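Undergrad: Next up is a structure, given as structure tokens.
The values are calculated or read from the model by the stated rules, or taken from the named source; none is laboratory data. Not measured: the values here are computed from a predicted model. Here the Cβ positions follow ideal geometry from the backbone for every residue, glycine too, while neighbour counts run over all protein chains shown.
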Amino acid sequence: MDEQDYQKLIDIITKTVHQEIISQEKKELISELSIPVEVSNRHVHLSRESLDILFGKGYELTKIRDLSQPGEFACQEQVIIVSKKMKVIEKVRVVGPTRNYTQAELSITDGYYLGLDLPTRISGDIKGSPPLIFIGPKGVLDLPEGAIRAARHIHMTPEDAMIFRVKNGDRVKVEVSGDHSVIYQDVVIRISEKSKLAFHIDTDEANAANIKGENFARIL
């Protein structure tokens, strides 16, 4: 074997070993509890028009901290929400930036209190959802629809999706670690170039698993 053939052989072996290592790492990532769990409290998203009505024409949201998903942030601004049964929840935080829709993401417990039959939806899917009233410092917004319970979901990039072998919109079972381990069904996969890997659940779902502090999950 001449030197050129020897180098080709070395390159092939190196590439094969490297691919095997990556494959093994992917298998370990899939099997391990490697997806961060994040708990989402009740909050609202506002359109530009809704923000103008509630806080004043041309008002800009005040960021107090970034959230895990790139570009999203918790705002200093809060609203009061009122159901048609005149039940009230105060100090509901606005999450920015502005969207092309206005909605409240609530838990089932919130729905019981407000007297609302909340549909479980992906954020932005508000068609046919219950009406709700938002009260801000500058105005009142009477929404014909917009109250939902956010479907539990996993944010991930296309690269993550290749590793976990899922597609956008897939529904999977997810196990969460801890002393009160829970398996959640119908978890929606949400894929975007702008996403950061995270499993999002609401406060009711977190309480069911006694989730406190840092927790991780895996797709079954």
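Undergrad: Do the conditions hold for E159, that is, is it at pLDDT 95 or above and out of contact with any helix residue (DSSP H, G or I) (no Cβ under 8 Å at 6 or more places or on another chain)?
TA: When the stated conditions are applied, E159 does not pass them.
Undergrad: Considering only residues of region 50-62 that are in a loop (DSSP other than H, G, I, E, B) and not basic (K, R), which is surrounded by the fewest Cβ atoms within 10 Å (Cβ to Cβ)?
TA: So, considering only residues that are in a loop (DSSP other than H, G, I, E, B) and not basic (K, R), the one surrounded by the fewest Cβ atoms within 10 Å (Cβ to Cβ) is G58.
Undergrad: Next up: Just the residues that are within 21 Å of R190 (Cα to Cα), out of contact with any Lys or Arg (no Cβ under 9 Å at 6 or more places or on another chain) and not small (G, A, S), please, taken from region 128-158.
TA: R152, P158
Undergrad: Here is a check on your reading of the model: is G136 over 16 Å from the mean Cα position of the chain (by Cα) and within 20 Å of D204 (Cβ to Cβ)?
TA: no
Undergrad: For region 158-178: of the residues being in a strand (DSSP E or B) and aliphatic (A, V, I, L, M), which is nearest to I211 (Cα to Cα)?
TA: V176
Undergrad: Among the residues of region 63-113 satisfying the criterion of being out of contact with any helix residue (DSSP H, G or I) (no Cβ under 7 Å at 6 or more places or on another chain), β-branched (V, I, T) and closer than 28 Å to T157 by Cα, which is surrounded by the most Cβ atoms within 10 Å (Cβ to Cβ)?
TA: Only one residue tops the list, namely V94.
One line per residue, one yes/no per condition, for (1) touching a Ser or Thr at 6+ places or on another chain (Cβ under 9 Å); (2) closer than 19 Å to V95 by Cα:
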site	(1), (2)
K127	no, no
G146	yes, yes
M156	yes, no
D170	no, no
V187	no, no
E193	yes, no
A209	yes, no
G213	no, no
A217	yes, no
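Undergrad: Next up: What are the residues in region 95-118 that are over 15 Å from the mean Cα position of the chain (by Cα) and aliphatic (A, V, I, L, M), if any?
TA: I108, L114, L116, L118
Undergrad: Same structure again: In region 30-49, how many residues are outside any loop (DSSP other than H, G, I, E, B), among the aliphatic types (A, V, I, L, M) and closer than 13 Å to E77 by Cβ?
TA: Adding up the residues that qualify gives 1.
Undergrad: Right, something else. If I ask for residues that are free of Cβ contacts under 8 Å to residues at least 40 places away in the same chain, more than 25 Å from V166 (Cα to Cα) and in a loop (DSSP other than H, G, I, E, B), which ones from region 194-220 would you list?
TA: Listed by number, the residues that qualify are N210, K212, G213.
Table: residues versus (1) over 19 Å from L67 (Cα atoms); (2) surrounded by 16 or more Cβ atoms within 10 Å (Cβ to Cβ); (3) at pLDDT 95 or above.
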{"site": "H155", "(1), (2), (3)": "no, yes, yes"}
{"site": "V182", "(1), (2), (3)": "yes, yes, no"}
{"site": "V188", "(1), (2), (3)": "yes, yes, yes"}
{"site": "F216", "(1), (2), (3)": "no, no, no"}
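Undergrad: Right, next: Can you report the number of residues in region 77-109 which are over 15 Å from P131 (Cβ atoms) and not β-branched (V, I, T)?
TA: The number of residues fulfilling the criteria is 11.
Undergrad: Suppose we filter region 147-187 for residues that are in contact (Cβ under 8 Å) with a residue 60 or more places away in the chain and of a type in the set (K, R); how many remain?
TA: So the answer is 1.
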